[in-house]
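The structure appears below as structure tokens.
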Amino acid sequence: MSVDTVPPLAPKACSSTPQGPLPAAANGAAAASFSALESRLGYLNAHEVETVRQAYRFADAAHLGQLRKNGDPYITHPIAVAQMCTEWKLDAQALCAALLHDVLEDCGVTKAQLTERFGSAVAELVDGLTKLDKLAFDSREESQAESFRKMLLAMARDVRVILIKLADRMHNMRTMGDMPRHKWSRIARETLEIYAPIAHRLGLNNFYRELQDLAFRHLHPWRYQALSKALARSRARRKDLIARVQGEIEAAFAHSGLQVRITGREKTLYSIYRKMASKHLSFAQVTDIYGFRVIVPQVLDCYTAMGVLHQLYKPLPGKFRDYIAIPKINGYQSLHTTLVGPFGTPIEFQLRTPSMDVVAESGIAAHWLYKSGATTDASAQALNVQWLQSLLDIQQETKDSGEFWDHVRIDLFPDSVYVFTPKSKILALPRGATAVDFAYAIHSDIGHHAIGATVNGEQVPLRTELHNGDVVEIITSPHARPNPAWLGFVKTGRARSKIRHFLKTLATEESRALGQRLLLQALRGEGIAALPGDDEAGRAVWDKLLRFTGNRSREELLSDIGLGRRIAGMVAKKLAALLAEAGTRPDVLLISQARFGAPTEDQPSQGVVTLDGSEGASVVYASCCRPIPGDRIVGYLGRGEGLAVHTADCPVVQRLLHRDRERFLEVEWAEELTRPFESSVAVTVINGKGVLARVAAAIATAEADITHIQMGEEAAQATTELRFTVAVRDRVHLAQVLRQLRRTPSVVRAQRIRPARASADGGSA
């Protein structure tokens with residue numbers, strides 16, 4: 001047996017991620033010339049080294065005269081970034097981009113110049129790393145969100161972008177002591193909330209750990225110093241314990257004949273702080289500060305080594321995790337087990353193969369590190385590729401930068417649950433994910449048409465939270481569509497963006513259809529029977545009309561009319577004038593027919609819109625008066641809100657008539673209706689056992705559905721009022737419901753709730 005031991009009293013060191021920032025002067029001296037970088041380029045050929053040298057000279061000339069906060073020449077920063085990239089063995093294009101990453105933003109160099117000098121690939125990488133012009137935005141937050149969006153999309157197309165950006169952020173964090181102190185908090189918080197989670201999501205464990213600790217140092221310097229001193233004292237106290245455990249496990253593996261390499265692992269200060277804060281622990285109560293990592297040749301040896309350890313020390317129940325069979329969402333693979341060591345001290349062990357160790361520490365960068373020979377786990381890399389692809393999927397359906405960043409940030413949380421499809425395929429979802437998230441993870445069409453789910457064979461609501469090991473099946477219907485309420489509980493960015501995109505598209509289509517209907521009716525009032533066609537003459541008229549309204553397309557204009565942003569009558573007058581110029585003459589008979597109900601004091605303007613309940617999101621039945629078929633109704637075209645339908649005697653209508661008369665249009669019920677409509681009913685009852693059940697039974701007997709119940713919060717009295725929202729076919733059906741309620745024992749009074757007065761005679765319904 002060979003045991004390669006590293007003292008477990010400090011975290012495993014990595015040349016690309018020292019455990020603390022180097023002094024600024026040392027950094028400057030080491031990175032002042034190209035020779036410091038050239039010594040690290042042994043994996044490139046001579047032509048590639050020369051290309052990198054040319055990029056250095058270009059960057060050096062561009063940054064000439066610029067200094068860092070500590071007084072060093074600015075070129076020391078790009079050199080340091082490129083040096084970190086060489087630790088991942090990134091190619092010459094990426095190293096050129098690392099050296100040039102600030103020239104577009106700070107030096108006035110254009111993307112065209114970079115393309116001409118270094119090729120389009122390098123220019124695209126640099127452009128993806130460049131922030132957008134802040135002057136183009138209303139706020140810093142908007143500018144930041146759009147810059148992150150640009151960077152993440154560039155990353156999705158080429159992951160080298162984020163590797164260079166993380167190296168850039170790492171060097172800035174290591175040298176942040178030279179920055180003005182008032183900037184520390186913002187930069188450190190941004191690092192904790194954005195860059196560290198991205199590093200974790202891509203499996204860059206070394207960068208993730210160091211970025212967290214550096215951000216913690218500058219965000220909470222006093223807490224950092226206190227914990228650092230406490231950890232140093234603890235390290236000294238537990239030195240003998242760690243040495244004893246290491247000796248015992250070395251002897252156990254020697255006896256078993258397993259070839260292993262043992263290294264020590266220590267929790268980072270930030271992870272200790274976060275555990276103390278989340279679980280309300282003191283430092284002395286955090287028991288898993290130290291641990292061991294066991295590297296074995298083959299996957300099967302991981303399980304054998306775990307057996308050896310379990311024979312040596314007793315395992316803690318519930319503390320075993322198999323991330324080999326089911327990798328973490330960022331591709332991480334290991335066996336984790338926590339054992340009770342000497343004196344009852346819990347000690348965590350991580351067991352993995354060399355290739356797993358590479359992926360665990362370098363994540364997606366392992367592709368470049370070992371592309372020449374050693375193999376890495378392809379399935380682990382595929383998990384990261386899936387996430388990068390999902391960024392492009394979300395981008396296609398999200399136009400707003402802030403909304404896009406909200407979706408992405410949801411997917412950066414590391415905690416996951418693992419669930420199964422009925423065909424035993426494993427899906428990793430964020431902790432707290434629901435059946436709706438699962439449906440959209442399978443396919444967007446399944447999510448759009450989901451009506452229910454079964455978990456482990458039992459039917460459950462779609463909002464049900466999933467747990468590890470659940471077998472989930474989604475029930476769909478071809479007529480179903482996403483519910484806006486889903487946005488209140490979904491956890492994945494994919495599901496959220498798909499639902500929002502569907503609802504926006506649906507609302508746009510429905511408002512466009514309503515807008516076309518309103519414009520055609522208004523145009524008939526001008527004596528024109530049809531909208532211009534798609535022939536050459538018709539397109540010319542539409543182009544002139546769009547120039548007049550300022551819309552970009554015919555669809556946008558119709559949607560604006562349907563949403564009430566433009567008045568159909570005004571647009572129709574201009575369209576009629578343009579058609580008259582093109583030779584279309586108005587029909588006098590059509591004018592008289594369309595204007596039969598001309599506007600008067602009590603009669604709104606525009607043509608009649610027929611409603612049957614199938615209009616969708618473009619038509620809203622007002623909750624203040626809850627119109628139902630049989631009521632006299634009127635339509636109000638709100639600004640950007642679509643068509644709101646009220647009863648003619650609604651007080652809201654009376655107020656709006658004086659202010660926005662031109663926005664009203666006549667509406668009427670269709671003879672054939674497609675669905676029931678909601679109405680509010682107040683029922684006064686004598687308190688007693690079972691009274692609510694009797695009232696509900698009476699409503700059900702009248703073949704009406706209860707959609708909502710409201711009960712008074714005051715203490716129980718002799719009588720109380722219950723308010724129901726019921727779905728009925730029309731006024732006649734509502735009258736039947738009220739009659740049935742009045743016949744029910746314990747019911748004193750039943751009436752329809754109207755906004756015009758506190759109570760109305762239910763018999764008039």
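The values are calculated or read from the model by the stated rules, or taken from the named source; none is laboratory data. These figures come from a predicted structure and were not determined experimentally. Cβ atoms come from the backbone with ideal geometry, glycine included; neighbour counts cover every protein chain shown.
From the residues in segment 708-743 that are polar (S, T, N, Q) and at pLDDT 90 or above, which one is nearest to Phe677 (Cα to Cα)? Top of the filtered list is Thr725.
Could you say whether any residue in segment 501-516 is farther than 22 Å from Ser614 by Cβ, part of a helix (DSSP H, G or I) and either at pLDDT 80 or above or not assigned by TED's automatic domain parsing to the domain that holds His449 (or both)? Checking segment 501-516: at least one residue is farther than 22 Å from Ser614 by Cβ, part of a helix (DSSP H, G or I) and either at pLDDT 80 or above or not assigned by TED's automatic domain parsing to the domain that holds His449 (or both).
Residue-wise test of (1) aromatic (Phe, Trp, Tyr); (2) assigned by TED's automatic domain parsing to the domain that holds Thr304; (3) under 22 Å from Ile198 (Cβ atoms).
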site	(1), (2), (3)
Gly318	no, yes, no
Asp322	no, yes, no
Pro327	no, yes, yes
Gln333	no, yes, yes
His336	no, yes, no
Leu339	no, yes, no
Phe343	yes, yes, no
Phe349	yes, yes, no
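On inspection, Val460 passes the criterion of being within 30 Å of Ile426 (Cα to Cα), more than 21 Å from the chain's Cα centre (by Cα) and buried (at least 16 other Cβ atoms within 10 Å of the Cβ).
Against the conditions (1) over 30 Å from the mean Cα position of the chain (by Cα); (2) outside any helix (DSSP H, G or I), Leu545 satisfies every one except (2). Residues that are touching a Lys or Arg at 6+ places or on another chain (Cβ under 9 Å) and surrounded by fewer than 18 Cβ atoms within 10 Å (Cβ to Cβ) were ranked within segment 618-659; the one that is nearest to Thr505 (Cα to Cα) is Gly640. Determine whether Gly515 is touching a Leu at 6+ places or on another chain (Cβ under 7 Å) and either buried (at least 20 other Cβ atoms within 10 Å of the Cβ) or at positive phi (or both). Considered against the rule, which asks whether it is touching a Leu at 6+ places or on another chain (Cβ under 7 Å) and either buried (at least 20 other Cβ atoms within 10 Å of the Cβ) or at positive phi (or both), Gly515 comes out as yes. When segment 315-340 is filtered for residues that are crowded, with 20+ Cβ neighbours inside 10 Å and out of contact with any Lys or Arg (no Cβ under 8 Å at 6 or more places or on another chain), the ones remaining, listed by number, are Pro327, Lys328, Gly331, Tyr332. From the list Glu361, Glu403, the lone residue that is assigned to a helix (DSSP H, G or I) and at pLDDT 75 or above is Glu361. Counting only helices (runs of 4 or more DSSP H) wholly contained in segment 204-291, the ones carrying 3 or more residues that are surrounded by fewer than 18 Cβ atoms within 10 Å (Cβ to Cβ) occupy 221-237, 239-256, 269-279.
Among the residues of this structure, Met151 counts as one that is within 23 Å of Ala80 (Cα to Cα), in the same structural domain as Val81 (by TED's automatic domain parsing) and at pLDDT below 90.
Filtering segment 311-326 for residues that are over 38 Å from the mean Cα position of the chain (by Cα) and of a type in the set (S, T, N, Q) leaves a non-empty set.
If you go through segment 521-573 and keep only what is of a type in the set (Lys, Arg) and modelled with pLDDT of 80 or more, you end up with Arg539, Lys544, Arg547, Arg552, Arg554.
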